[in-house]
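The values are calculated or read from the model by the stated rules, or taken from the named source; none is laboratory data. A quick note: this is a predicted structure, and the numbers were derived from the prediction, not measured. All Cβ positions, even for glycine, are placed from backbone atoms using ideal geometry, and neighbour counts span all protein chains on display.
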Amino acid sequence: MTSDGFLTDSGVELERAFGLVASDTRIEILRALWDVRVSDGEGASFSELRERVGVSDGGRFNYHLGKLVPEFVRKREERYSLTHTGAKLIGDAVSGAYTETDGPSVRQAAVGDCHISDCDGSTTVEYRDGELRFGCDTCDRRPDAVPVPPIVVESNDADDVPVVGSRFSMLTVERTNRGFCHLCDGPIEQTVARFHPDFEPDLDGSVDVIHECRACGEWRRSGARGTLIGHPATVSLLYDAGIDYRAVPHWEQTWLNEATERVVDEDPVRVAVTAPIGGTEHRFTLDGSLDVVDWE
């Protein structure tokens, strides 16, 4: 890992990676191989690929193609195809992550009651600047902002965006809980905020958790209850109670919104999260890495 936090031993260095695709011809090569991938998946020969891209100078084409091998393009038995990295680059472009300079937006709308017990306001959702933002129109509860690619918004009716966006945000949380960074796929380390040397203690009475990527340095802060999303114990209890949590937007996830959390021990660290599921209060005990070590 370099001093700025970017991996060099298992991936392409950032500056070099950008340089490899800094050419219209190379982008066209990647796009052509994407078309091949989705049509027959067999790859393309040098001559087939050059014809698709439309470059008459064979030497010039070979130079640019060679720059993409092996990071973005794979060569096997004289045929070329995209590597996972190359396919991911094009997939991100299709999602609008790179190409939406003036992306879509969805005006703020009320979607349900605020989950804060002493608030009569409504949970609000809006989409702008590539983020789905959840808040309240009355109280000053901590707002949530989740990165959602433009394609998720553009491929759905505006009225459906809050629910679809919520499903996407829950997927992002589950990905983090399984230990993968949503940006670089690197390893996530979870720490209770009050025991982390670089962060302030918990906010608004919750037990805050810092989810920090050891590769790229990306981090986010959430309540300890969020680490239970997707855990087999909560999934099983919810299903037994007749709830498919995947189909419920997070502002209607009563078990999550009404859960309480507190640190019950500091050596070793233990966090108790109590959540109402199926009419019963269930207690989950988490360790310092926010793994569930017991539940009842």
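Looking at the stretch 1-117, the helices (runs of 4 or more DSSP H) lying wholly inside it that each contain 3 or more residues that are closer than 30 Å to ASP160 by Cα and modelled with pLDDT under 90 sit at 84-95. Scanning the stretch 241-288 for residues that are exposed (fewer than 13 other Cβ atoms within 10 Å of the Cβ) and of a type in the set (Ser, Thr, Tyr) gives a single hit, THR280.
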